[in-house]
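Colleague: Pasting a structure here, questions to come.
Nothing in this text is a laboratory measurement; each read-out follows from the coordinates by a stated rule. These figures come from a predicted structure and were not determined experimentally. Quick reminder, even Gly has a Cβ in these numbers, built from the backbone with ideal geometry, and neighbours come from all protein chains shown.
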Amino acid sequence: MKPKHLLAAVAATVMGISSAVAEEWNMPVPYSDAVFHTKNIRQFADDVTAATNGDLTIKVHSAGSLFKHPEIKNAVRSGQVPVGEFLLSRLGNENAVFAVDTLPFLASNYDAASKLWAASRPKVEELLDKQGLQVLFSVPWPPQGLYTKKDVETVEDLKGLSFRAYNAGTETLAKKAGMAPTQVESPDIPQAFATGRVQAMITSPSTGVSSKAWDFLTNYYDTQAWLPKNIVVINKKSFRRLDKATQDAVMAAASAAEKRGWEMSMAETDAKTQTLRDNGVTVSAPSGQLTQELQAIGDEMVADWMESAGDDGRAVIKAYR
Ligand code: PCA
């Protein structure tokens, strides 16, 4: 033990806190402080601090301020940071199984989403484990709806619009609907709309509210298309370096965070949809035709996915069904 650390340990013991050396971890997350995922993660961090009497504190860096969203997974993998959060389906280019939760209309309510997570979790854990990553918890966004700047009755009405995408699945859907997708991180949504770079998006009521959608668009169609999940992973080596009591505290806080996160997400759905209304966004159910046409696009995407996901993917769908 370095003298500095020895001193800290002695001081901690004298103060009656604990004999272990206090450690501080940096945790990058992509979403802003107002977002429920970030609030849930801050609670997780507080729980870890409390349960370990401050032996381990986790400092949350929100809105991509420490690492940009696309870099977070590799930052944890390489050990630049021990823990981080990202949108699971962003890894869909590595393995289609990671993106099963963004297949339109495959699992479009919380009950189905929970079953899909149970069916896919073992494979997701196995694939991430090979990269030296351990899954701590995963929490869904509310069901995804369509935001536009005009009334939309059919897919034809969407043709030619520039569309804000957040993963490969939303890009594919946009293209199939005749739109032109551009990848925009959620903290950059207001600017992308304000400058005319994009004119439509599909995301949750939560993200509509956190980006103040009423400032730049008029309509929200509650399509309930899918529930994409965020995932929190930890670097296995960093985890192994913790003593057993601290490891147990992290895992207990993680399982509480998963449960709390799903409840927060469910409560958000109606509350944030109401906030959209309160601020003047016209909230409506999609027309029968729009629903049918989006479903047809979803069916095509599921069929394509089944091919690209191979045996692993088919096993996940079988377990789900
Ligand atoms: N919000 C995130 C992902 C899905 C969601 O509801 C976003 O729009 O980037």
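Colleague: Return the single residue from 124, 21, 60 with maximal mean-square fluctuation; model: Gaussian network over the chain, springs between Cα atoms under 10 Å.
Modeller: Its mean-square fluctuation being the largest, the pick is 21.
Colleague: Let me ask something else about it. Just 45, 285, 165 to compare: in a GNM of the chain, with alpha carbon springs under 10 Å, which one fluctuates most?
Modeller: In the Gaussian network model the winner is 285.
Colleague: Compute the FRET efficiency between residue 244 and residue 74 as 1/(1 + (r/R0)^6), taking r as their Cβ-Cβ distance and R0 = 22 Å, and round to the nearest 0.05.
Modeller: E(calc), rounded to 0.05, equals 0.15.
Colleague: Another question, if that's okay. Determine the relative contact order of the chain: mean sequence separation of Cα pairs under 8 Å and six or more apart, normalised by residue count, in whole percent.
Modeller: It comes to 24 percent, rounded to a whole number.
Colleague: To continue, here is another question. Show which aspartates and glutamates lie in cross-link reach of residue 68 when reach means a straight Cα distance below 14 angstrom and same-chain residues fewer than eight apart are skipped.
Modeller: 85, 185, 188
Colleague: While we're on this one: For the range 24-80, what does the alpha-carbon gyration tensor say about shape, rounded, prolate or oblate, given a ≥ b ≥ c as the root eigenvalues, a/c under 1.5 as rounded, and a/b over b/c as prolate?
Modeller: Cα axes put the range 24-80 in the oblate bin.
Colleague: Related question: From the C-alpha coordinates alone, can you work out the Kirkwood hydrodynamic radius of the chain, in Å?
Modeller: Value: 20.7 Å, from the Cα pair sum.
Colleague: Also, quick follow-up: For q = 0.17, 0.24 Å⁻¹, what log10 I(q)/I(0) does the range 217-321 give under the Debye formula with an equal point scatterer on each alpha carbon and no solvent?
Modeller: Computed log10 I(q)/I(0) values: -1.05, -1.22.
Colleague: Can you flag which of 115/150; 212/236; 123/244; 73/159; 115/212; 123/237 are past 28 Å Cα-Cα?
Modeller: Those over the limit are 115/150; 212/236; 73/159; 115/212.
Colleague: Something else now. Figure the gain on full extension for residue 21 and residue 319 (residue separation times 0.36 nm, minus the Cα-Cα span) and round it to one decimal in nm.
Modeller: 102.9 nm
Colleague: Can you give me the C-alpha center-to-center distance between the range 151-205 and the range 24-39, rounded to a whole angstrom?
Modeller: 25 Å
Colleague: Any chance you could list P(r) for the range 22-166, counting all Cα-Cα pairs in 5 angstrom bins from zero, rounded to whole %?
Modeller: Here the calculated profile for the range 22-166 is 2, 8, 15, 18, 18, 17, 10, 6, 3, 1, 1, 0.
Colleague: Project the alpha carbons of the range 116-204 onto their principal axes and report the range along each, largest first, in whole Å.
Modeller: 44, 26, 20
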